[in-house]
Structures are given as structure tokens and as C-alpha cells.
Amino acid sequence: MQAESAEAIVRALSVALMNGTVYFPEHRRVAEASREAAAALDRYFESRESFVLGIVKGLLIVDGEPLYDLSVRAHRLLVVIGERGGFGARFARGITADEIMAFIKTLLQARTRSAEEFNALLARQEIAHAVLQVKPLREAPREGAAASDRAQAAIAPTPGDFEVETGESYLEVYPWALDAIHNFITNFKHDHKASLTQMTEIALRLTDVLSKDPNAFVAMASVKDYDSYTFNHSVNVCIYAMAIAECLTTDKKELVAVAQAGLLHDVGKVLIPDEVLFKPGALSDAEWQVMRRHPELGAKILMEARGVADIAISVAFGHHLRNDQRGYPALGAQITVDPLTQLVNVIDVYEALTAKRPYKKPFTPERAAEVLLRGAGSEFNPLCVDLFFRCLGIFPPGTPVRLADGSEGVVAMANPSDAAHPVVHVTREAGGGALEQPAIVDTAERLPDGGYRLEIAGSVAALQAQAQAGAPA
């Protein structure tokens with residue numbers, strides 16, 4: 001019970017901080033997460049007087065135990081506490097949701113790097129049940145493992161590391177989801193009354209696995225396979241959408257609805273003739289007219305189905321509508337497009353650009369990011385583009401990158417306050433040899449003069465393309 005409560009507290013605090021970063025500290029999402037944190041703390045206080053969240057060598061420590069998985073998940077929370085001069089935070093029995101919300105606001109807006117000064121700010125606001133730790137904790141990671149070793153293991157998980165209650169890992173669920181979608185499409189083409197129940201099951205299982213480690217699951221979406229592009233695309237759009245939503249809410253019902261919407265956004269394509277859908281080349285004008293019917297067809301399919309979230313219908317209909325109301329389906333009047341539909345519009349384009357197809361090479365992350373930034377305000381809702389980069393970064397988790405010193409590694413997680421500077425799991429030295437001791441590098445870390453300590457030179461794909469072409473990728 002204590003471990004579950006501690007995990008719920010840390011998750012809720014992290015979500016509150018993320019929403020305060022993406023939106024503003026008084027946003028309703030911050031208030032919701034603060035209430036969840038207060039409720040989790042109340043459960044914890046049934047047998048304790050205080051909750052101490054400590055930081056030792058970048059690891060999250062609660063009750064003297066290192067929480068390895070959550071150290072990655074709560075990375076931004078730990079960084080901000082450290083930036084305020086704290087070695088952790090202490091919450092006392094009696095803390096309210098309003099106090100937590102004010103604590104998060106102060107974390108985000110304070111300019112001090114002294115924990116004592118930060119605590120004085122809290123006192124002046126009459127926040128009596130939360131303070132930063134001004135001294136290092138005495139507890140160290142147990143189990144005989146070095147903190148750096150276990151932190152690296154958390155960021156570079158092995159296949160069995162992140163499992164849900166059913167014993168499934170993300171490496172098992174991802175290919176299962178591809179097969180399930182393939183079976184659904186095959187069945188639906190033979191029987192248009194086929195049940196959508198299986199899609200709900202896929203959404204539930206994907207949500208369960210993503211909740212264990214979103215960064216590892218997002219990294220799966222970076223594996224592009226054009227032989228099953230149609231199925232990969234639906235699952236990848238779903239994963240990206242869930243990962244972004246998971247930054248903003250812990251409500252499982254909402255996350256499952258987002259997953260369902262991502263999976264079903266292109267469901268109308270099951271009624272598009274295969275010779276058009278799988279044509280290995282550019283479509284003719286007539287073929288484009290046929291292809292552009294899939295949003296309306298998809299919305300019709302979902303409206304006639306049972307158990308489908310309303311938001312999934314909206315996303316299926318509107319995910320090709322531009323921010324300037326152009327795109328398709330053609331509209332006779334201005335309409336208000338909901339935020340998730342606008343977000344899926346961004347994700348859909350990004351995933352399509354970076355995917356392998358028989359007739360095109362995938363865009364590098366940098367080039368795809370340029371497309372999104374260039375289209376912000378016209379093709380895309382600029383707030384959705386900003387949210388995409390805050391949650392996934394310019395280099396999403398799983399992207400192979402080269403650092404400025406020549407070393408290489410894989411992006412482990414995005415930095416919500418600095419999209420171009422993620423946390424990288426470095427595995428190769430500048431000469432190309434494998435490191436005996438892989439390192440965790442936060443490329444957002446700055447020098448005393450304000451410059452970055454170690455920046456990303458670019459994605460490996462972009463740098464290789466540049467070397468081959470003799471020009472920027």
C-alpha cells in the first residue's frame with residue numbers, strides 16, 4: 001500500500017509540473033493533478049506523518065528505497081527541485097491540494113537557487129506543509145548496485161523490465177497490437193458489421209503498458225516497417241497520442257479514449273479499394289478524390305458502432321482538417337475542431353513523414369520537425385505543435401543521436417522545457433567503440449556561463465544523409 005501510494009504521489013506531482021510547464025500554473029489540469037497528489041498523500045499519511053522525496057545521484061529515493069523506474073518518469077520534477085537548490089522535498093500530514101498547486105507554481109516561477117530562500121518563499125505564501133530538503137539524504141540506493149548502474153538500467157530497459165499485471169511487456173504488446181489491427185481490418189472487409197470490441201481491448205492493453213514506461217514504448221514507434229505501414233501507422237499514432245496525453249492526465253478512462261481515437265483515426269481506409277490504398281507511388285487526381293473520402297467513411301463506421309468514444313468519431317472525421325479550415329473533408333462553414341483532433345493532425349503528419357515507404361525515404365527527425373514548425377498557425381494548431389515538442393522533443397525517445405564530442409547513443413526521454421536537449425543514453429565513444437560503462441547525459445545541462453555542457457550534433461540518420469549528400473539532411 002505504501003509503495004503504491006508513493007508511486008501515485010510522484011506521478012501526480014510530475015503530471016502537475018508538466019501541465020504547469022505546458023500551460024500555466026493555474027491551469028485546471030494542474031489543479032486536477034494537485035488534487036490527485038493530495039489524495040495519494042492522504043492515503044500515505046494513514047500510517048506516516050510525513051512523505052520525504054529524496055534525490056541521490058539523480059535517483060528518486062522514498063523511504064530509503066530507490067524508485068528506479070520513476071526516476072526516469074519524474075526526471076523533470078527532480079531537475080526542477082535541484083535547480084531550486086533542494087535535495088528533495090518533504091510533505092507533511094494536512095497538506096491540501098491548494099498548497100500543492102501553490103508549491104508547483106513556486107517551483108516553476110521562483111528564480112532562487114537556494115533551498116532556504118525557496119522555503120522562505122513558501123512560508124510567505126503560508127504554505128506550511130511542504131518544504132525542500134536543504135541537506136542531502138543519508139539513504140543510499142540499496143541492493144548492492146551503484147546508482148549510476150541502476151539509473152542506466154532504468155533508462156535502457158531489457159525486454160522484461162516493464163510489465164503489467166498480465167506479465168506483458170511493451171515488446172510483446174506492440175507486435176500483438178499490429179496483428180490485432182491486421183485481423184480487424186481483414187474481418188471488417190469481409191463483414192462491415194464486424195465488432196469494434198477488439199479495438200477497445202487493444203486500447204486498454206496499450207494504455208496499461210504505456211503507463212509503466214512511456215519513453216520505452218514511444219521508442220518502439222521509431223521502428224518503421226513499410227511492409228505493414230498501414231498497421232504500424234495506426235499503432236504509432238496511438239502511442240504518440242497516448243504519450244502526450246499521459247503527460248497531462250492520469251485518468252485511465254481519458255487515456256483509453258485517446259488510445260482508441262489514435263487507433264481508429266484511419267478506420268475509414270478499410271473501405272478504400274486496395275489498388276488505391278496500397279498503390280506504390282503517387283495517386284492520380286481521381287484516386288486522391290477516392291482517398292479523401294476516408295475521414296467521412298471512418299466517422300460513419302464509428303457512429304454506427306457501439307462502445308466507441310465520441311472523441312474517436314471526431315478524430316476520424318477531422319484529422320485531415322487544417323488549422324486554417326482547409327484540408328478535407330471540405331466544409332461549408334467554419335467549425336470548432338476539438339484539441340485532440342488537432343493534435344492527431346500533427347501526429348499523423350509527423351508519423352507519416354518519418355515512416356519508411358517503398359517509394360520514399362523517411363524524413364529525419366530534424367526535417368520532420370521543420371515541417372511541423374513551418375506549418376504551425378496555418379496547417380497545424382501552433383499550441384498542438386508546441387505540446388508535441390514539449391512531450392516528445394525534436395528527437396523523440398528511441399532516436400539514435402550523435403553528441404558534439406562525437407559519442408553516440410539513443411534518446412531516453414524528452415526535456416519538456418527544452419525540446420532540442422533531451423536525456424541521452426550514451427553507448428558509444430567518439431571513435432565508435434562501445435563504452436564499457438554506458439552513460440546518462442542530460443544535454444540540457446548548462447555551464448556556469450550559460451552555455452550547454454554537451455549538445456546534440458544531430459540524429460545519426462541526418463548526419464549520415466548529410467555525409468552522403470554533402471549537404472544538410
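The values are calculated or read from the model by the stated rules, or taken from the named source; none is laboratory data. Bear in mind that the values here come from a model prediction, so they are computed numbers and not experimental data. Reconstructed Cβ throughout: ideal geometry from the backbone, glycine too, with neighbour counts over all protein chains shown.
Okay, residues lined up against (1) surrounded by 21 or more Cβ atoms within 10 Å (Cβ to Cβ); (2) in contact with a Cys (Cβ under 7 Å, 6 or more places away or on another chain); (3) of a type outside the set (Gly, Ala, Ser):
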site: 237; (1), (2), (3): yes, no, yes
site: 244; (1), (2), (3): yes, yes, yes
site: 282; (1), (2), (3): no, no, no
site: 287; (1), (2), (3): no, no, yes
site: 293; (1), (2), (3): no, no, yes
site: 311; (1), (2), (3): no, no, yes
site: 319; (1), (2), (3): yes, no, yes
Legend entry - Filter result (among the hydrophobic types (A, V, I, L, M, F, W, C), without any contact (Cβ under 8 Å) to a residue 12 or more places away in the chain and more than 30 Å from residue 82 (Cβ to Cβ)) within segment 435-473: 467, 469, 471
Inset, instruction - Can you run down the residue pairs with Cβ atoms below 7 Å, 6 or more apart or on separate chains, where the first is in segment 49-67 and not assigned by TED's automatic domain parsing to the domain that holds residue 134 and the partner is surrounded by fewer than 23 Cβ atoms within 10 Å (Cβ to Cβ) and modelled with pLDDT under 70? - result: none
Legend entry - So residue 51, is it in contact with a helix residue (DSSP H, G or I) (Cβ under 9 Å, 6 or more places away or on another chain), modelled with pLDDT under 95 and either surrounded by 22 or more Cβ atoms within 10 Å (Cβ to Cβ) or in a helix (DSSP H, G or I) (or both): yes
Inset, instruction - Consider residue 419 carefully, then state whether it is touching a strand residue (DSSP E or B) at 6+ places or on another chain (Cβ under 7 Å), outside the structural domain of residue 324 (by TED's automatic domain parsing) and among the small types (Gly, Ala, Ser). - result: no
Legend entry - Selected residue (criterion: nearest to residue 84 (Cα to Cα)) from residues of segment 39-51 that are in contact with a Phe, Trp or Tyr (Cβ under 8 Å, 6 or more places away or on another chain) and of a type in the set (A, V, I, L, M, F, W, C): 51
Inset, instruction - State all residues of segment 110-139 that are among the small types (Gly, Ala, Ser) and within 11 Å of residue 85 (Cβ to Cβ); if no residue qualifies, say none. - result: 110, 114, 115
Legend entry - Condition check for residue 299: among the hydrophobic types (A, V, I, L, M, F, W, C) and crowded, with 19+ Cβ neighbours inside 10 Å: yes
Legend entry - residue 442 of a type outside the set (Ser, Thr, Tyr) and either closer than 17 Å to residue 414 by Cα or surrounded by 12 or more Cβ atoms within 10 Å (Cβ to Cβ) (or both): yes
Inset, instruction - Just need a number here: residues in segment 318-346 that are assigned to a loop (DSSP other than H, G, I, E, B) and either at positive phi or touching a residue at least 60 places away in the same chain (Cβ under 8 Å) (or both). - result: 1
Legend entry - Of all residues in segment 74-95 being touching a Lys or Arg at 6+ places or on another chain (Cβ under 9 Å) and outside any helix (DSSP H, G or I), the one that is surrounded by the fewest Cβ atoms within 10 Å (Cβ to Cβ): 93
Inset, instruction - Out of 412, 419, report the one residue that is of a type in the set (A, V, I, L, M), under 29 Å from residue 23 (Cα atoms) and surrounded by fewer than 22 Cβ atoms within 10 Å (Cβ to Cβ). - result: 419
Legend entry - Test result for residue 455, touching a His at 6+ places or on another chain (Cβ under 8 Å), surrounded by fewer than 17 Cβ atoms within 10 Å (Cβ to Cβ) and not assigned by TED's automatic domain parsing to the domain that holds residue 248: yes
Inset, instruction - Could you tell me whether any residue of segment 96-105 is part of a loop (DSSP other than H, G, I, E, B), over 24 Å from residue 5 (Cα atoms) and over 27 Å from the mean Cα position of the chain (by Cα)? - result: no
